[in-house]
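Every number in this text was worked out from the coordinates using simple rules, so none of it is lab data. Small disclaimer: the values here were computed from a predicted structure and weren't measured. As a convention, Cβ positions derive from the backbone with ideal geometry for all residues, glycine included, and neighbour counts pool all protein chains shown.
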Amino acid sequence: MTTNRIAVDPKILSGKPCIKGTRIAVTMVLELLEDGLSFKDITKDYYPQLTAEDIRACLEYAKAMIEGEEIHFAAA
């Protein structure tokens, strides 16, 4: 698992999950993926200091957060 690449530090970006050693929030990377950018586009045009493994870690982190949530459906 690559989520050891994600750090949460209250002194960095108010404690938002970031890629370790950067001030790049997981949400920033996820938004670029949501916009349809490829890993290559992200590392080439936005964050050249990142690796594909860093981007994969953002996805794994998001997945882990969702898997840990309880989902309650409201009656229609």
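With +1 on each Lys and Arg Cβ and -1 on each Asp and Glu Cβ, how big is the dipole of segment 3-62 about its Cα centre, in debye rounded to the nearest 20? Mind dumping the intermediate values first?
On the way: 8 positive and 9 negative charges, 59 e Å.
Magnitude of the dipole: close to 280 debye.
Based only on other Cβ atoms within 10 Å, what is the fewest-to-most ordering of Arg56, Arg23, Arg5?
Working: Arg56 16, Arg23 10, Arg5 22.
In increasing order of surrounding Cβ atoms, one gets Arg23, Arg56, Arg5.
Can you sort Val29, Val8 by how many other beta carbons sit within 10 Å, fewest first?
Fewest-to-most ranking of Val29, Val8: Val8, Val29.
What label, among [x] 3, 15, 25, 22, 16, 8, 5, 3, 2, 0; [y] 3, 12, 13, 11, 6, 5, 6, 7, 9, 11, 10, 6, 1; [z] 3, 11, 9, 11, 11, 12, 17, 13, 7, 4, 2, 0, belongs to P(r) over Cα pairs in 5 Å bins from 0, in percent computed from the structure on display?
Computed from these coordinates, P(r) over Cα pairs in 5 Å bins from 0, in percent corresponds to label [x].
Quick one: Cα centre-to-centre distance for segment 35-76 and segment 1-31, in angstrom?
So the separation of the two Cα centres works out to 11 Å.
Which residues' amide hydrogens lie under 5 Å from the amide hydrogen of Ile6, considering only partners 5 or more residues apart or on another chain, with H built in the peptide plane?
Amide H to amide H, under 5 Å and 5 or more residues apart or across chains, Ile6 pairs with Lys20.
Looking at the chain, which longest stretch skips every one of the GluC sites (Glu not before Pro) that is in a DSSP loop with at most 14 other Cβ atoms within 10 Å, leaving the sites themselves out?
1-68
What list of ³J(HN,Hα) couplings, whole Hz, do you get for segment 24-29 from phi and the Karplus terms 6.51, -1.76, 1.60, once you set θ to phi - 60° and write x for glycine and proline?
Computed from phi, the couplings for segment 24-29 are 9, 6, 3, 4, 5, 5 Hz.
Assuming R0 = 22 Å, can you tell me the calculated FRET efficiency for the pair Ser14 and Glu70, based on Cβ-Cβ distance, to the nearest 0.05?
Given R0 = 22 Å and the Cβ-Cβ separation, E is 0.30.
How high is the FRET efficiency between Tyr46 and Arg23 when r is their beta carbon distance and R₀ equals 22 Å, given to the nearest 0.05?
After rounding to 0.05, the efficiency reads 0.95.
Whole-Hz ³J(HN,Hα) for each residue in segment 50-65, computed from phi via Karplus 6.51 cos²θ - 1.76 cosθ + 1.60 with θ = phi - 60°, x for glycine and proline: what do you get?
Once rounded to whole Hz, the list reads 8, 10, 4, 5, 5, 5, 4, 4, 5, 5, 5, 5, 4, 4, 4, 5.
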